[in-house]
Amino acid sequence: MVRAEEVHKRFGRLEVLKGISLEVQPGEVMCLLGPSGSGKSTFLRCINHLEKINSGRLYVDGELVGYRQQGDKLHELHDSEVARKRAEIGMVFQRFNLFPHMTAIENVIEAPLLLKRKTKAQARQSAQQLLALVGLSDRADTYPSQLSGGQQQRVAIARALAMEPKLMLFDEPTSALDPELVGEVLDVMRRLATEVGMTMIVVTHEIGFAREVGDTVVFMDDGVVVETGAPREVFANPRHERTKAFLSKVL
Amino acid sequence: MPVRHSGRWVVAVVVAFLLVVIVHSVATNPRFGWGTVGHYLFSSRILHGLLVTLELTAVSMAIGIVLGIVLAVMRLSPNPLVAGASGFYIWFFRGTPVLVQILFWSFISALYPKLSLGIPFGGPELVHGNANSIITPFLAAILALGLNEAAYMAEIVRAGIISVDEGQTDAASALGMTRLQTMRRIVLPQAMRVIIPPTGNETISMLKTTSLVSVIAYPELLYSAQLIYAVNYLQIPLLLTASIWYLVVTTILSIGQYYIERHYGRGASSRGNETTLLQRWRSGLMIRHEGAAP
C-alpha cells in the first residue's frame with residue numbers, strides 16, 4: 001500500500017528525514033514510535049504530499065506521491081491532481097483541526113459534497129452512519145467548540161472516513177487530549193483496524209495501543225528508522241541501544 | 001475625598017466654559033447662515049448629490065472588496081509571478097495619491113484616445129469606441145476609487161487569511177480540496193472575523209473620500225453644494241449642509257459597524273461566526289463572569 005525508498009526531507013539546512021525506507025501492506029496497522037523531533041510526523045505528512053520530499057521515492061498504491069515520472073525526470077503534479085490523490089488518503093491531526101464554523105455533520109459532509117462524490121442526501125446519510133460508528137450520533141448538529149477534545153477527534157476521524165480512503169494517517173491523535181479522553185479515541189481506532197480492516201499508519205506515544213493493535217512497530221530516531229518488527233519482539237527484546245533507552249522511558 | 005479631584009474639576013470647568021463660548025459664537029454669528037443651511041438641507045439637488053455619494057461609496061467598496069480578495073489570494077500564491085503582480089499592484093495604488101488617480105482616469109482619453117476590445121498586437125477588434133464617451137466621469141470615479149480601495153482591502157484580507165490557523169489548511173488539503181476550494185470554503189469564512197471591522201472603517205473613510213470626485217465635476221454631495229454656491233456665493237452655509245450629511249451618514253455607518261463588530265468579536269477564537277442565540281448567551285455569561293473575577 002505504501003512504499004518508501006530512501007526518502008530524504010530537509011527544512012532549509014536541517015535534514016529531518018535521512019533516508020527512510022519502509023513498506024506497509026494493505027490492511028496493516030503500522031505504528032511509528034520515537035522521541036519528538038525524530039521525523040515521524042514529517043514522514044507522515046510526506047505520504048500525502050503535505051510536505052514535499054527532497055529525494056527518494058514514495059509510492060502509495062503503486063503510484064508516486066505528488067510527482068509523475070517521465071524517463072528519469074520527476075515532474076510535480078498540478079494542485080488539482082495532488083488534491084485528487086490526497087482524497088484517497090485520510091488524515092487525522094494532533095490538534096483535530098475541525099472546521100470551527102461548521103457543525104459536526106457539516107464537517108463530515110463538506111469534502112464529499114464539494115468534490116461531488118455524493119449527493120446531499122447520500123452524504124448526510126453516510127455521515128450519520130459514520131458519526132454512529134464513532135459514537136456521536138446525538139452530536140451531529142453541535143459545533144466543535146461545544147465538543148470535548150475526545151469528541152472533536154472522533155468527529156475528525158469520521159470526517160476523514162467520509163472520503164472513503166484506502167489508507168488512514170494518524171498524527172499523534174491522542175497527544176492533545178486529557179488522559180481520561182484518550183481511551184475513547186483509541187477505541188474508535190481499534191475498531192477501525194479490527195472491524196473495518198483499514199490500512200493505518202499511526203504516529204503515537206501510546207505503547208499499549210501499538211502493542212495491542214499494531215501489526216508492525218517502527219522505531220525512528222534522528223531522521224532514520226532504527227528498528228522495525230512485530231510489537232511483541234520490539235517491545236520484549238529491543239535490539240538497539242536507542243530503542244532500549246526510549247522504551248525504558250515510556251514503558 | 002474632594003481634594004483629590006480638584007484638578008479634574010478645574011479641567012471640567014475650563015472645558016465647559018470653552019464649549020459655551022464656541023456654541024454661543026456658532027449660534028449667534030449670522031455668517032454661518034443656519035437659515036440657509038435649513039433651506040438647502042433637503043433641497044432636491046443636495047439630496048441627489050447625497051444619493052450619488054452613497055452610490056459611489058457602495059460601488060467603489062464593492063469593487064474594492066472583490067478585487068481586494070483576489071489580490072490577497074494572489075499575494076499568498078506560491079507562484080512568485082502571481083504574488084509579485086499583486087505586490088506590484090498594491091505598491092502602485094497605495095503609493096500614489098487617490099486624487100491623482102481620479103484625475104488620471106478622467107484624462108485617460110489623452111493617453112488612449114480610442115479604446116477597443118479585441119486580440120492585441122494586430123488581431124481583429126471586437127468592439128471599439130471613443131475613450132471620452134466610454135470613460136464617463138462616473139466610470140472614472142468608480143475606477144479610481146475602487147481600484148485604489150482594492151489595494152487597501154487586499155492588505156486587510158491578507159491579514160485575515162494569515163490569522164486562520166494553518167491546521168485548517170492542512171485538514172482541508174488532506175481531504176482533497178484544492179487551494180481555491182480551501183480558500184473559499186474554509187479559510188475565508190473564518191478570516192471574516194478579522195476582516196469585517198477594518199472593512200467598516202474603510203467604508204466610512206470611502207464615504208468621505210468620494211468628495212474628491214468633485215475635482216472632475218461629477219455632482220456628488222460636495223460638488224452639488226459647490227454648484228449651488230457658485231451661483232449664490234453662500235459658500236459657508238452650503239459647505240455646512242454637505243458636512244451635516246456626511247456626519248449623518250458616517251454616524252449611521254459607525255452604529256452599523258459597532259453592531260457588526262460586536263457580532264463577529266463575540267466569536268472568541270474557538271467559536272465560528274454562526275453563533276446561535278444560546279452560544280451568544282453562554283459566551284456573554286462567561287465574559288461577565290471573567291469580568292467579575294478580581
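The values are calculated or read from the model by the stated rules, or taken from the named source; none is laboratory data. What you see is a predicted model, and the numbers here were worked out from it, not measured in a lab. Virtual Cβ from ideal backbone geometry, glycine too; neighbours counted across all protein chains shown. Just the protein is used for accessible areas: all its heavy atoms, side chains included, with ligands, DNA and RNA removed. Shrake-Rupley method; radii C 1.70, N 1.55, O 1.52, S 1.80 Å.
Taken over segment B:161-178, the residue count meeting the criterion of being at the interface with another protein chain (Cβ under 7 Å from one of its Cβ atoms) and either in a helix (DSSP H, G or I) or over 17 Å from B:P78 (Cβ atoms) (or both) is 8. Restricted to strands (runs of 3 or more DSSP E) entirely inside segment A:12-97, those with at least 3 residues that are farther than 18 Å from A:T199 by Cβ are A:14-24, A:55-60, A:67-70, A:73-76. Restricting segment B:1-56 to residues that are among the aromatic types (F, W, Y) and touching a helix residue (DSSP H, G or I) at 6+ places or on another chain (Cβ under 7 Å) leaves a set whose member that is nearest to B:I236 (Cα to Cα) is B:F32.
If you check A:R86, A:R139, A:R154, A:R45 for being without any contact (Cβ under 8 Å) to a residue 40 or more places away in the chain and within 9 Å of chain B (Cβ to nearest Cβ), only one passes: A:R86. Open to solvent by less than 20 Å² (accessible area, probe 1.4 Å), acidic (D, E) and either touching a Gly at 6+ places or on another chain (Cβ under 7 Å) or in a helix (DSSP H, G or I) (or both) - does that describe any residue in segment A:132-144? Scanning segment A:132-144 turns up no residue that is open to solvent by less than 20 Å² (accessible area, probe 1.4 Å), acidic (D, E) and either touching a Gly at 6+ places or on another chain (Cβ under 7 Å) or in a helix (DSSP H, G or I) (or both). Taking segment A:41-77 as the range and being crowded, with 17+ Cβ neighbours inside 10 Å and small (G, A, S) as the test, the residues that pass are A:S41, A:G66. Screening the candidates B:V215, B:V231, B:V194 for the property of being open to solvent by 10 Å² or more (accessible area, probe 1.4 Å) and within 14 Å of chain A (Cβ to nearest Cβ) yields one hit, B:V194. Go through segment A:226-251 and report how many residues are within 22 Å of A:L169 (Cβ to Cβ), in contact with a helix residue (DSSP H, G or I) (Cβ under 9 Å, 6 or more places away or on another chain) and among the aliphatic types (A, V, I, L, M). Residues meeting the conditions: 3. Considering segment A:89-105, the residues that are without any contact (Cβ under 8 Å) to a residue 60 or more places away in the chain and more than 8 Å from every other protein chain (Cβ to nearest Cβ) include one that is farthest from A:P26 (Cα to Cα), namely A:T103.
Number of residues in segment B:113-127 that are farther than 30 Å from A:D79 by Cβ and open to solvent by 60 Å² or more (accessible area, probe 1.4 Å) equals 10. Within segment A:111-126, the set of residues being farther than 14 Å from A:I157 by Cα and within 14 Å of chain B (Cβ to nearest Cβ) comprises A:P112, A:L113, A:L114, A:L115, A:K116, A:R117, A:K118, A:A123. The residue that is most open to solvent (accessible area, probe 1.4 Å), among those in segment A:109-121 that are over 11 Å from A:A162 (Cα atoms) and part of a helix (DSSP H, G or I), is A:K120. Among the helices (runs of 4 or more DSSP H) confined to segment B:23-112, the ones with at least 1 residues that are open to solvent by less than 60 Å² (accessible area, probe 1.4 Å) and under 27 Å from B:S224 (Cα atoms) are located at B:34-41, B:44-75, B:98-106, B:108-111.
Can you tell me which residue in segment B:143-160 is nearest to the other protein chains (Cβ to nearest Cβ), limited to those that are open to solvent by less than 10 Å² (accessible area, probe 1.4 Å) and touching a Lys or Arg at 6+ places or on another chain (Cβ under 8 Å)? Only one residue tops the list, namely B:G160. Restricting segment B:113-159 to residues that are among the hydroxyl-bearing types (S, T, Y) and in a helix (DSSP H, G or I) leaves a set whose member that is nearest to the chain's Cα centre (by Cα) is B:Y152. Only residues that are open to solvent by less than 60 Å² (accessible area, probe 1.4 Å) and facing chain A (nearest Cβ under 7 Å) were counted across segment B:179-190, and they come to 4. Filtering segment A:108-130 to residues that are among the charged types (D, E, K, R) and closer than 17 Å to A:K85 by Cα leaves A:K116, A:R117.
Checking each residue in segment B:104-144 for being of a type in the set (S, T, N, Q) and farther than 24 Å from B:G64 by Cβ picks out B:S109, B:S116, B:N130, B:N132, B:S133. Every condition in (1) open to solvent by 30 Å² or more (accessible area, probe 1.4 Å); (2) among the hydroxyl-bearing types (S, T, Y); (3) within 14 Å of another protein chain (Cβ to nearest Cβ) holds for B:T203 except the one numbered (3). Looking at A:V29, A:V16, just one residue is in contact (Cβ under 8 Å) with a residue 40 or more places away in the chain, touching a Lys or Arg at 6+ places or on another chain (Cβ under 6 Å) and among the aliphatic types (A, V, I, L, M), and that residue is A:V16. When each of A:S175, A:S80 is tested for being at the interface with chain B (Cβ under 9 Å from one of its Cβ atoms), among the small types (G, A, S) and open to solvent by 30 Å² or more (accessible area, probe 1.4 Å), the lone residue that passes is A:S80.
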